[in-house]
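To keep things clear, I will list the structure first and then write my remarks on it.
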Amino acid sequence: MTNLVEKSSFSFEVFPPKTAVNNQKIFQTLDELHDLQPNFISVTSSNRTLNFENSTLKLADYVQNKLKVPGVVHLTARYFDRKQIDRILVELKFLGIKNILVIRGDLAPGRPPKKDFQHASDLMAYIKSKDANFRILGACYPESHPESSNKISDIHHLKEKVAAGCDCLLTQMFFSNETFYQFQENCALADINVPLIAGIMPIVNRAQALHVLKQSECCLPKKFTQMLDRYQTDPTALKAAGLAYAINQITDLVTNRVAGVHLYTMNQANVARYIYQATKSLFTIKNPV
């Protein structure tokens, strides 16, 4: 998982669609993302209407074995028990998928959590105890987890993840690079020395912007909120400004030698392609995760 080259890695996240129509489109999206030569593609466990095998695992298998791109599967600790995890690990080994992003998972209304893994670190340690060859990615929050009492406590929990076997940390989206750099420094001071990959979400439409404003705990820099205010009634201009903002973030991060950039694509291959074309010379392509 260690970055062995000078340039940063570049990767994408997709999610399993909820409708039959979009379920057909996702494979076309993955084909288009493959053409952009990512270092890896991660697949979330966000589809609650299908089981893991028919959603996340199906797409990750396509990425890993059809497209020949390293696939990363998301596992939510709260919603799997030991028996399920044992079965999934066997399936992953059979498919040659070695990379797992382990998250705790938010509580879902009407969906009672399991009891075997209370925290992401619990599931990380269990997976490593079963097979140390799995590469474990973990989530982190540059502005601290919303449930953390303070930044010191948040860093302490990150150290627990690394001690449990986390090989790499992947951030939630952020819009202030200065916030990321401070977080990066705090990790270094705490001797958290695994690669830290920056998660970037391009804002390309008003609905997405409003969702971010409503749901996100992110710090929103003045230049970001000014962009939203100025172009909120002009969809074309907002998309152009949002793409430019993400490209500027990425350029600055790579200039400052970030280990990698992970693009939250929202299943929009055209957005990923635009950003790839603008920044591809900055990245090392096809460096395994």
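Here are the numbers for this structure:
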{"quantity": "Filtered residue count, region 219-266, keeping only those that are assigned to a loop (DSSP other than H, G, I, E, B) and open to solvent by less than 30 Å² (accessible area, probe 1.4 Å)", "calculated": "4"}
{"quantity": "Where a residue in region 87-98 is under 18 Å from Ala132 (Cβ atoms) and its partner, wherever it lies, is among the aliphatic types (A, V, I, L, M), with Cβ under 6 Å and at least six apart", "calculated": "Ile97/Ala60"}
{"quantity": "Subset of region 87-108 (residues that are in a helix (DSSP H, G or I), closer than 23 Å to Asp122 by Cβ and in contact with a helix residue (DSSP H, G or I) (Cβ under 7 Å, 6 or more places away or on another chain))", "calculated": "Leu89, Glu91"}
{"quantity": "Scope region 50-90; condition within 18 Å of Ile136 (Cα to Cα) and of a type in the set (Ser, Thr, Tyr); matching residues", "calculated": "Thr56, Thr76, Tyr79"}
{"quantity": "Failed item in (1) under 19 Å from the mean Cα position of the chain (by Cα); (2) closer than 16 Å to Asn267 by Cα; (3) among the basic types (Lys, Arg), with Arg78 passing the rest", "calculated": "(2)"}
{"quantity": "Qualifying residue in region 120-138 (condition: at pLDDT below 95, over 27 Å from Thr265 (Cβ atoms), surrounded by fewer than 20 Cβ atoms within 10 Å (Cβ to Cβ) and among the small types (Gly, Ala, Ser))", "calculated": "no"}
{"quantity": "Condition check for Tyr79: hydroxyl-bearing (Ser, Thr, Tyr), open to solvent by 40 Å² or more (accessible area, probe 1.4 Å) and at negative phi", "calculated": "no"}
{"quantity": "Residues (in a helix (DSSP H, G or I), over 28 Å from Lys159 (Cβ atoms) and either open to solvent by 30 Å² or more (accessible area, probe 1.4 Å) or touching an Asp or Glu at 6+ places or on another chain (Cβ under 6 Å) (or both)) located in region 201-218", "calculated": "Arg206, Ala207, Leu210, His211, Leu213, Lys214"}
{"quantity": "Breaking point among (1) under 27 Å from Leu33 (Cα atoms); (2) touching a helix residue (DSSP H, G or I) at 6+ places or on another chain (Cβ under 7 Å); (3) surrounded by fewer than 23 Cβ atoms within 10 Å (Cβ to Cβ), for Lys66", "calculated": "(2)"}
{"quantity": "Counted residues, region 1-32 - those being of a type outside the set (D, E, K, R), open to solvent by less than 60 Å² (accessible area, probe 1.4 Å) and modelled with pLDDT of 70 or more", "calculated": "13"}
{"quantity": "Given (1) within 16 Å of Gly105 (Cα to Cα); (2) open to solvent by less than 20 Å² (accessible area, probe 1.4 Å); (3) modelled with pLDDT under 95, number of the condition Val73 does not satisfy", "calculated": "(3)"}
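One line per residue, one yes/no per condition, for (1) in contact with a His (Cβ under 6 Å, 6 or more places away or on another chain); (2) within 26 Å of Glu160 (Cα to Cα); (3) not aliphatic (A, V, I, L, M):
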site: Ile197; (1), (2), (3): yes, yes, no
site: Asn205; (1), (2), (3): no, no, yes
site: Glu217; (1), (2), (3): no, yes, yes
site: Ile250; (1), (2), (3): no, no, no
site: His262; (1), (2), (3): no, yes, yes
site: Tyr274; (1), (2), (3): no, no, yes
site: Lys280; (1), (2), (3): no, no, yes
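The values are calculated or read from the model by the stated rules, or taken from the named source; none is laboratory data. Quantities reported herein were computed from a predicted structural model and do not represent experimental measurements. As a convention, Cβ positions derive from the backbone with ideal geometry for all residues, glycine included, and neighbour counts pool all protein chains shown. Areas reflect the complete protein model, heavy atoms only, side chains present, ligands, DNA and RNA absent. Shrake-Rupley method; radii C 1.70, N 1.55, O 1.52, S 1.80 Å.
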